[in-house]
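What follows is a single structure, written as structure tokens, with notes after it.
Rule-based calculations on the coordinates, nothing more; no lab input. Quick caveat, the model's predicted, so the values are computed rather than measured. Every residue, glycine among them, receives a Cβ derived from its backbone with ideal geometry; neighbour counts consider all protein chains shown.
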Amino acid sequence: MDHFLYRDGILHAEDVPLPEIAAEVGTPFYVYSAATLTRHYRLFEEALRGLPHLVCYAMKANSNLAVLKLLGDLGAGMDVVSGGEYARARAAGVPGERIVFSGVGKTREEMRLALECGIRQINVESEPELLALSGVAASMGLRAPVALRVNPDVDAKTHAKIATGKAENKFGIPIARAPAIYAEAAALPGIEVVGIDVHIGSQLTDLAPFEAAYRKVADLAQALLAAGHPIRRLDLGGGLGIPYVRDNAAPPLPLEWGEVIRRTVGHLGLEVEIEPGRLIAGNAGLLVASVIWLKRGEGRDFLILDAAMNDLVRPAMYDAWHDIVPVIEPAPGAERAPFDVVGPVCETGDTFARGRLLPPLAEGALVAFRSAGAYGAVMASEYNSRPLVPEVLVRGHDMAVIRRRPTFDEMLNRDTIPEWL
Ligand SMILES: *Cc1c(COP(=O)(O)O)cnc(C)c1O
């Protein structure tokens, strides 16, 4: 459920009609619903109720400071994957003791930043990283709190580009090697082992891969505890999918995922961390665009929008489906015709949908891409020198621009022409 509904024939974000936002900020723009973000975060809190836990929002899904502040104020921790994300989390008021640092290629500078400014846990993904982190921490007179990310070799049954838990993926330490590396970690001066971490992929629509991975982690935890390692936390990652296609069977709910967690690791009495991103932000956001032209082609009709692959790259990158709906509700029984929905960027890959059945849409009409709140604005670029799309947050009747559209001058001023040219 989200809070983007038609009222009197006009699509609203909570209590704000989308044409009102379009009039204020222009198109294209992203709009997020505070009520939806809040609701989704709370679903995870409820799913883990009774277990010692921390929900660490995977902020790479949507890292606008206002979104982070909203979730942080609800008590969320953050899962960060770069020094920049760490800085964002802190700027949004999230304390270091609620920040987990993930990622396969942290630099020494990023390690130092996190250790200096406060970090709950660093998820280490390789032996070289472990040695480097120990060196950095020891040089600061500290021990870094570490969970080793294990690769359970489980097929997440998701898009190949976002599957992370197979042996062939770059992520984590092969689970069979984990006991040896925990032993190595225990002997390092700058490392304090606190847990085990696993994350097998994103947009999972089946609970079985989670169950398989968590069982392996539970077995490992028991073995490590028996060997005397002070494991006190299990970070079970994120990855629960969202319904991009409305008519399809809905993916499992957070509550059902929580049941899998209880069933597989609940008996261990360890603190549980989870890192949901997409499910919190995905259906809490829309990308709203205008129709520039209707172009009749050879056997195909094109709907050319003012949004493009640089603003929402998921269709081009992952062949992702986004529902595209008119902001003005079509008359019941309005005839639908197939359109290729495209943007103005000079690449054929700049195609949002092929043969999509849509009601009549005139030039200037507003359309909304649903489920665009996660991996939307954060993946945007200025390709074709199209300024980054603004972001708007709505809460009830309130709306605020939480990132404004840069002017051409601001975009150009980041470049420098050398004196000698
Ligand atoms: C991307 C990622 C997540 C979040 O995945 P979602 O599918 O957005 O829930 C969590 N943890 C790690 C380590 C990730 O890389």
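Odds and ends about this structure:
- Rounded FRET efficiency, nearest 0.05, which uses the C-beta distance separating residue 414 from residue 259 and R0 of 56 Å: 0.70
- Counted charge near residue 376, where neighbours are those whose Cβ lies closer than 10 Å (Asp, Glu -1; Lys, Arg +1): -1
- Dipole magnitude for the chain: about 660 debye, using +1 per Lys or Arg Cβ and -1 per Asp or Glu Cβ, origin at the Cα centre.
- Descending semi-axes in Å of the range 294-421, equivalent ellipsoid built from Cα gyration tensor: 30, 20, 13
- The ranking of 8, 79, 311, 219 by Cβ neighbour count inside 10 Å, starting from the fewest, reads 8, 219, 311, 79.
- For the range 205-323, the relative contact order is 26 percent, taking Cα pairs closer than 8 Å that sit 6 or more residues apart in sequence and dividing their mean separation by the residue count.
- Amide proton proximity set for residue 10, modelled H, under 5 Å, gap of 5+: 329
- Debye-sum result for the chain in log10 I(q)/I(0), which assumes one identical scatterer on each alpha carbon, at q = 0.07 Å⁻¹: -0.37
- Computed [θ] at 222 nm, helices only, for the chain once each DSSP H run of length n ≥ 4 contributes -39500 (n - 2.57): -8000 deg cm²/dmol
- Net charge over other residues, Cβ less than 12 angstrom from the Cβ of residue 415 (K, R count +1; D, E count -1): -2
- Scaled to the globular estimate 2.2 N^0.38 Å, the Cα spread of the range 34-280, given as radius of gyration, is 0.95.
- Normalised by 2.2 N^0.38 Å, where N counts its residues, the alpha-carbon radius of gyration of the range 154-289 equals 1.16.
- In terms of distances greater than 32 angstrom between alpha carbons, the cross-link table entries 69/295; 106/161; 60/295; 60/157; 69/161; 69/106 yield 69/295; 60/295.
- The gain in end-to-end length when the residue 346 to residue 5 segment is fully stretched comes to 119.4 nm, 0.36 nm per residue minus the alpha carbon separation.
- Computing FRET efficiency as 1/(1 + (r/R0)^6) for residue 168 and residue 219, where r is the C-beta to C-beta distance and R0 is 22 Å, gives about 0.50.
- Share antiparallel - DSSP beta bridges, the chain, percent rounded to 5: 50
- Most mobile listed residue (249, 316, 47) in the chain, GNM with C-alpha springs under 10 Å: 249
- Cβ-based exposure ranking for 70, 234, 5, 388, in which fewest neighbours within 10 Å come first: 5, 388, 70, 234
- Residue with peak Gaussian network fluctuation, the chain [Cα springs, cutoff 10 Å], from 298, 168, 259: 298
- Taking a straight line from the alpha carbon of residue 216, these aspartates and glutamates sit under 20 Å away, with near neighbours fewer than eight places off in the same chain left out: 125, 153, 155, 168, 197, 206, 235, 256, 259, 271, 273, 275.
- Percentage relative contact order, the range 34-280, counting C-alpha pairs under 8 Å, at least six apart: 21
- Taking 0.36 nm per residue of separation and subtracting the current Cα-Cα distance, fully stretching the chain between residue 246 and residue 15 would add 80.9 nm.
- Of 301, 350, 409, the one that fluctuates the most in a GNM where the chain has Cα springs shorter than 10 Å: 409
- Relative contact order (percent, whole number), the chain, Cα cutoff 8 Å, 6+ residue spacing: 19
- Direction-averaged projected area, Cα convex hull, the range 216-270: 4.4 nm², rounded to one decimal.
- Near-label residues of the range 356-392 by backbone N, under 14 Å of a point 7 Å along Cα→Cβ of residue 331: 359-361
- Estimated at 0.36 nm per residue, the fully extended path between residue 294 and residue 271 surpasses their Cα-Cα distance by 2.8 nm.
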